[in-house]
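The values are calculated or read from the model by the stated rules, or taken from the named source; none is laboratory data. Keep in mind that what you see is a predicted model, and the values were worked out from it rather than measured. Here the Cβ positions follow ideal geometry from the backbone for every residue, glycine too, while neighbour counts run over all protein chains shown. Only protein heavy atoms, including side chains, enter the accessible area calculation; ligands, DNA and RNA are left aside. Shrake-Rupley method; radii C 1.70, N 1.55, O 1.52, S 1.80 Å.
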Amino acid sequence: MKLRDYFIVSLAVVLIAGCTEAARTSNGQKTPSRTRTNIGFDWRFSKGDIAGAHKAGFDASDWRIVDLPHDWSIEGPFAEDNPTAQQGGYVPAGIGWYRKTLDIPDELAGKAVTIEFDGVYRNSDVWVNGKHLGNRPNGYISFSYDLTPHLEYGGENTIAVRVDNSQQPNSRWYSGSGIYRHVWLSVTDKIHVAQWGTYVTTPEVTKRSASVRVRTRVANETSRTKHVEIVTRIIGPKGEMLKAVSARHSIAAGKTHEFDQKASVANPKLWSVDDPKLYRVDTIVKAGSAIVDSFATPFGIRTIRFDANEGFLLNERNVKLQGVCIHHAAGCVGAAVPDQVIERRLKILKAMGCNAIRTGHTPFSPIFYDLCDTLGILVLNEAFDCWVEAKLKSPYGYNLYFEKWWARDLTDQIHRDRNHPSVIMWSVGNEIHETKDPHGLDILIPIRDLIHAEDPTRPVTVGCNGIKGVNAAGVAEAMDVVGYNGGGSSCFEYDNDHKTYPERKMYGSEVPHSFQTRGVYRTQTMFRDASKMQRIVVPDLTAEEVFTDFHPSYNSSYDNSYVRICARDSWRLTKERDFFAGEFRWTGFDYLGESRGWPAKHFNAGVIDTCGFPKENYYFYQSQWTDEPMVHILPHWTWKGKEGTVIPVWAYTNCDTVELYLNGRSLGEKRLGDKMNLSWDVEYTRGTLKAIGKRGGKVVSQDIVHTAGKPARAAVSSDRKKIKADGRDLFHLEVRILDDKGRFVPTAVNEVTFDITGPGRIIGVDNGDSIDHASYQTNSRKAFAGMCLAIIQSTQSPGQIRVTARSKGLRSSTITVTAGK
């Protein structure tokens, strides 16, 4: 039996961000003007290069059935000799094929039908019914193809996709392989708003009013000139209609016309990181008296400005960029990241006080930007990790395609993302070799000018390492805003460059580079390499190493494992300089690839591990970036065999003072002042450490850690109690190993098995351990530092999903989550 998706236009009425799927007539009745359907279920997949797999009549009945998004690399196995090597996470790559059969009903004859890919890694070729539609080398950009001329209406139509990720290594981080983002089928009238065809700006904003400019490209794909009217409505944050304007124009057959309309909004509610108010433009397209298309464009009213002396201003208020860099993949799900996983990760960052993200070093999925708009997170939207020169990059990276494709890829990225109020800058490179050569201007200036033409509302930047060389080449002066990566000691040139280039706008694009492994501590400072590069040295905390039993691939959680500047010293530099707009630390989350070598498969640079479990530096940033009273102490207090050993105890806090107690005895109260952390040297004895945080002499926060006993129970918790039974929604199941008194056991490594009944399935298990090579695709995982994770996805059937976490010798725990329609 063949697997098909059925499209009946009169019933396909769906609302998604950025697209109103059905127009309304003047009397409120829905009209089938536009549909956009996720076609991710039930694709056939086979790994390997298969002759004739693009042909319509090819028999793929023995291929595996997969749902999209899909990443075959994350299925493993991890192996030291895999061609992706340490940069790519030691996973398989190669070539893969996907096929899907669609029934296209007769009712769609006369419509425009498009297939849209949010992202395919990489070198994709697409066919429909054996007709080749095109090739796209870039694995991170969104793209589409017009299916209309090639469809068999009233019959079967076959989509075939070949994905070639065989040239390795081609990435400096884990890339994934396959159709790893959503795929959509869009159906419109032949007179319609073009793809990414709206551009909304707010040129003038005051407290009393905001001007709104809406440019709309309308395509006429009929064989005759058409007289077209568009009605543009501005919808307020509460769904109220604020203003409507209309315009008419005749559009020749096969041509596109851009309408340019202006309106104003009284007393605008501004988009900000604390209160991200969103408006919407509804575009109604008419041909004669008939509504032929409708389209919704969310936008925000806000102003952005970078200043050489004041840093970054949002709505003319100074906002320090409290940022992180992240990659697109997400631990155990690899590059095929479900929307809800992205949302959870962003909310974890937001709770830390993070207000900005740099997309290192590629365009991300469309849903990422939608969520940043909604949550109030600023985005530095990056396009490239290299230009033509591959020095110190991957030999088979984007450099192979840059000269032919950069303008097309960058234009598509800008058109896709320029309506997002969260996006504040376009970054066109990361640590680009050519920026240290005057000839680099021959590449940068055309790129910059293209962006200025397509979106003059945002500045252009590059993340630069070795800033002295970039300055000497004169390339930095061609950037609107200059990004300072830590490399080449750029992070120590802020003051010199501010004095030398007083008009320069500056920020830390990738700094600091510091490393931690959750649950691991060392009292001796560790640098990534032994070279005598410029650095700020964190003194050893003890004369002799206290913790000697950890694997060398792990890094200390005391903020004393780094490259050239630790998290505390980096933020001090940023915080104390008004002219410096902020920083994006490397990184927010641990990520697969770019490891320091086997057996490590991922990099411990995140303040959060691959599971989404915070590490100690998470609480450092929370103490600096949030106002709600908090105090956090480290390390944990379960150190068998360390009795009598002096252990440094740190506190991160935003309180005035912290008093530390051991087993009820005060070890002294300390005032924070301008320090980044507080510290006590404590002789280890079993029991309870408690930190009391005070403001104005009043207790406002506390943190407690206990010495744990032997593991006794696998306790579970879920981030959600109800999910949708749509085959996509999910919940995260966190496991914490507890002793017989309910105390967390931070050293536990028990194997945990997940048993599921009901309409759910495991899509990944993880523990954050960089040297654990077990498959992510099983129903069990060893705890690491006392914790592990399972991600459970719904099927398309409603019901109760019951999950039991069990471990040999421990009491099990069960949780139930409801999946409903």
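Yes or no, residue by residue, for (1) farther than 21 Å from Asp412 by Cβ; (2) part of a loop (DSSP other than H, G, I, E, B); (3) without any contact (Cβ under 8 Å) to a residue 24 or more places away in the chain:
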{"position": "Ile115", "(1), (2), (3)": "no, no, no"}
{"position": "Val126", "(1), (2), (3)": "no, no, no"}
{"position": "Asn135", "(1), (2), (3)": "no, no, yes"}
{"position": "Gly139", "(1), (2), (3)": "no, yes, no"}
{"position": "Val161", "(1), (2), (3)": "no, no, no"}
{"position": "Ser171", "(1), (2), (3)": "no, yes, no"}
{"position": "Arg181", "(1), (2), (3)": "no, yes, no"}
{"position": "Trp184", "(1), (2), (3)": "no, no, no"}
{"position": "Val193", "(1), (2), (3)": "no, no, no"}
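Within the stretch 113-143, restricting attention to residues that are of a type in the set (D, E, K, R) and surrounded by 20 or more Cβ atoms within 10 Å (Cβ to Cβ), which residue is nearest to Ser73 (Cα to Cα)? Ranking the candidates gives Arg122 first.
It is to be established whether one or more residues within the stretch 197-211 are among the aliphatic types (A, V, I, L, M), within 22 Å of Ile414 (Cβ to Cβ) and part of a strand (DSSP E or B). Yes.
Among the residues of the stretch 539-566, those that are surrounded by 22 or more Cβ atoms within 10 Å (Cβ to Cβ) and either of a type in the set (Phe, Trp, Tyr) or over 23 Å from Lys468 (Cα atoms) (or both) comprise Tyr554, Asn555, Ser556, Ser557, Tyr558, Asp559, Asn560, Ser561, Tyr562. Residues considered: Phe584, Phe603. Of these, the only one that is out of contact with any helix residue (DSSP H, G or I) (no Cβ under 9 Å at 6 or more places or on another chain), open to solvent by 10 Å² or more (accessible area, probe 1.4 Å) and under 28 Å from Thr84 (Cα atoms) is Phe603.
Farther than 26 Å from Ile65 by Cβ, open to solvent by 30 Å² or more (accessible area, probe 1.4 Å) and assigned to a strand (DSSP E or B) - does that describe any residue in the stretch 98-112? Within the stretch 98-112, none of the residues are farther than 26 Å from Ile65 by Cβ, open to solvent by 30 Å² or more (accessible area, probe 1.4 Å) and assigned to a strand (DSSP E or B).
Out of curiosity, is Arg344 outside any strand (DSSP E or B), open to solvent by 10 Å² or more (accessible area, probe 1.4 Å), out of contact with any helix residue (DSSP H, G or I) (no Cβ under 6 Å at 6 or more places or on another chain) and closer than 30 Å to Asp769 by Cβ? Considered against the rule, which asks whether it is outside any strand (DSSP E or B), open to solvent by 10 Å² or more (accessible area, probe 1.4 Å), out of contact with any helix residue (DSSP H, G or I) (no Cβ under 6 Å at 6 or more places or on another chain) and closer than 30 Å to Asp769 by Cβ, Arg344 comes out as yes.
Among what's in the stretch 738-776 and is in a strand (DSSP E or B) and within 22 Å of Asn555 (Cα to Cα), pick the residue that is most open to solvent (accessible area, probe 1.4 Å).
It comes out as Phe744.
Among the listed residues Gly508, Gly440, which satisfies the condition of being of a type outside the set (Lys, Arg) and either more than 20 Å from the chain's Cα centre (by Cα) or in a helix (DSSP H, G or I) (or both)? So that I can check it myself, show each step before the final result.
Working: Gly508 fails: either more than 20 Å from the chain's Cα centre (by Cα) or in a helix (DSSP H, G or I) (or both).
After applying the criteria, what remains is Gly440.
Criterion applied to Pro502, Pro446, Pro459 was being of a type outside the set (D, E, K, R), open to solvent by 10 Å² or more (accessible area, probe 1.4 Å) and without any contact (Cβ under 8 Å) to a residue 40 or more places away in the chain, and the one residue passing it is Pro446. Restricting Lys286, Lys238, Lys269 to residues that are open to solvent by 30 Å² or more (accessible area, probe 1.4 Å), at pLDDT 95 or above and part of a strand (DSSP E or B) narrows the list to Lys286. Scanning the stretch 646-684 for residues that are under 23 Å from Gln524 (Cβ atoms) and open to solvent by 40 Å² or more (accessible area, probe 1.4 Å), we see that the one that is nearest to the chain's Cα centre (by Cα) is Lys675.
Tell me, which residue of the stretch 30-56 that is free of Cβ contacts under 8 Å to residues at least 24 places away in the same chain and assigned to a loop (DSSP other than H, G, I, E, B) is farthest from Ala287 (Cα to Cα)? Before you say what the answer is, go through the steps one by one.
Here is the first cut: in the stretch 30-56, the ones free of Cβ contacts under 8 Å to residues at least 24 places away in the same chain are 30, 32, 51-52.
Next, from what is left, pick out any that are assigned to a loop (DSSP other than H, G, I, E, B): 32, 51-52.
Working: Pro32: 14, Ala51: 46, Gly52: 43 Å.
Ranking the candidates gives Ala51 first.
Just one residue in the set Ile414, Ile424, Ile367, Ile445 is in a helix (DSSP H, G or I) and out of contact with any Asp or Glu (no Cβ under 7 Å at 6 or more places or on another chain); that residue is Ile445. Please work out if Gln793 is assigned to a strand (DSSP E or B) and loosely packed, with under 15 Cβ neighbours inside 10 Å. Criteria not met by Gln793.
Of the listed requirements (1) more than 22 Å from Tyr652 (Cα to Cα); (2) in a loop (DSSP other than H, G, I, E, B), Lys499 misses just one: (2).
Selection over the stretch 390-404 of residues that are touching a Lys or Arg at 6+ places or on another chain (Cβ under 7 Å) and either open to solvent by less than 10 Å² (accessible area, probe 1.4 Å) or among the small types (Gly, Ala, Ser) (or both) gives a count of 1. Consider only pairs whose beta carbons are under 6 Å apart and that are at least six residues apart or on different chains; among these, list those whose first residue lies in the stretch 538-558 and is over 13 Å from Val520 (Cβ atoms) and whose second residue is assigned to a loop (DSSP other than H, G, I, E, B) and of a type in the set (A, V, I, L, M, F, W, C). Taking only residues 6 or more apart or on different chains, the pairs are Val538/Cys566.
Of the candidates Ala93, Ala60, Ala85, Ala79, the single residue that is modelled with pLDDT of 95 or more, within 21 Å of Ile179 (Cα to Cα), out of contact with any helix residue (DSSP H, G or I) (no Cβ under 7 Å at 6 or more places or on another chain) and of a type in the set (Gly, Ala, Ser) is Ala60.
Residues Asp578, Asp627, Asp540: which one is assigned to a loop (DSSP other than H, G, I, E, B) and closer than 30 Å to Glu643 by Cβ?
Working: Asp578 fails: closer than 30 Å to Glu643 by Cβ; Asp627 fails: closer than 30 Å to Glu643 by Cβ.
Going through Asp578, Asp627, Asp540 in turn, the sole match is Asp540.
Looking across the stretch 682-719, not a single residue is in a strand (DSSP E or B) and touching a helix residue (DSSP H, G or I) at 6+ places or on another chain (Cβ under 7 Å).
Here the condition is being outside any strand (DSSP E or B), farther than 20 Å from Phe527 by Cα and in contact with an Asp or Glu (Cβ under 7 Å, 6 or more places away or on another chain); of Thr610, Thr638, it holds for Thr610 alone.
Residue check: Cys464 meets all listed conditions (1) in contact with a helix residue (DSSP H, G or I) (Cβ under 6 Å, 6 or more places away or on another chain); (2) open to solvent by 10 Å² or more (accessible area, probe 1.4 Å) but one, namely (2). For first residues located in the stretch 242-262 and open to solvent by 70 Å² or more (accessible area, probe 1.4 Å), partners that are assigned to a loop (DSSP other than H, G, I, E, B) and at pLDDT below 95 and lie 6+ apart or on another chain with Cβ distances below 7 Å do not occur. Scanning the stretch 649-665 for residues that are assigned to a strand (DSSP E or B), in contact with a strand residue (DSSP E or B) (Cβ under 6 Å, 6 or more places away or on another chain) and not aliphatic (A, V, I, L, M) yields Trp650, Tyr652, Thr653, Thr657, Glu659, Tyr661.
Within the stretch 147-159, take every residue that is part of a loop (DSSP other than H, G, I, E, B) and open to solvent by 10 Å² or more (accessible area, probe 1.4 Å) and give me the one that is farthest from Lys393 (Cα to Cα). Before the answer, list the steps.
Keep residues of the stretch 147-159 that are part of a loop (DSSP other than H, G, I, E, B), which gives 147, 151-154.
When the remaining residues are screened for being open to solvent by 10 Å² or more (accessible area, probe 1.4 Å), the result is 151-154.
On the way: Leu151: 42, Glu152: 45, Tyr153: 47, Gly154: 50 Å.
Going through the qualifying residues, I end up with Gly154.
The C-beta contact set for the stretch 405-430 (first residue at negative phi and open to solvent by 10 Å² or more (accessible area, probe 1.4 Å), second residue of a type in the set (A, V, I, L, M) and in a strand (DSSP E or B), distance under 9 angstrom, 6+ apart or interchain) comprises Trp406/Val428; Arg418/Val200; Asn419/Val200; Asn419/Val281; His420/Val379.
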